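Visitor: Structure in structure tokens, see below.
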Amino acid sequence: MMLALRRRDDLVCRQVVELVTGYLEGELPRRDARRFERHLLDCADCARYLEQMRVTITSTGRLTPDDLTPEARDEFTRIFRDWVGERSGPGGDDGVDGDDGVGDR
């Protein structure tokens, strides 16, 4: 049985996942965009992944704070503050002064 060898220019699925944001934002050089699109023609899984990313971006682009329940808003605020605290390290200025208006409704 003869195995098909990949051309050196062909992308593998892992590369497609890494490039999807640049592709959707139109930031890939033309040559890379063509390679990306060529891979999608032969890979249903990556084509489905790209479509899922498009739907996610479209859906989240429409989400506003008023769309969240108060509990969800509080949870996101807590997650954000924890994240900022982790970035600043112990005893550092977390950049959140408590008067950011997030979760105060």
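The values are calculated or read from the model by the stated rules, or taken from the named source; none is laboratory data. Note that the structure is a prediction, hence the values are computed from the model and not measured. No Cβ is skipped: glycine too gets one built from the backbone with ideal geometry, and neighbour counts run over all protein chains shown.
Visitor: Six or more apart or on different chains, Cβ atoms under 8 Å: show the pairs whose first residue is in the range 40-54 and within 14 Å of ARG14 (Cα to Cα) and whose second is small (Gly, Ala, Ser).
Guide: LEU40/ALA47
Visitor: Limited to the range 27-53, what total is found for residues that are surrounded by 11 or more Cβ atoms within 10 Å (Cβ to Cβ) and assigned to a loop (DSSP other than H, G, I, E, B)?
Guide: The qualifying residues number 3.
Visitor: Kindly indicate whether THR56 is surrounded by 10 or more Cβ atoms within 10 Å (Cβ to Cβ), of a type in the set (Val, Ile, Thr) and at pLDDT 75 or above.
Guide: Judged against the criteria, THR56 is a match.
Visitor: Also: Can you report the number of residues in the range 54-74 which are assigned to a helix (DSSP H, G or I) and within 20 Å of the chain's Cα centre (by Cα)?
Guide: 8
Visitor: In the list LEU19, LEU11, which residue meets the criterion of being surrounded by 12 or more Cβ atoms within 10 Å (Cβ to Cβ) and not in a helix (DSSP H, G or I)?
Guide: LEU11
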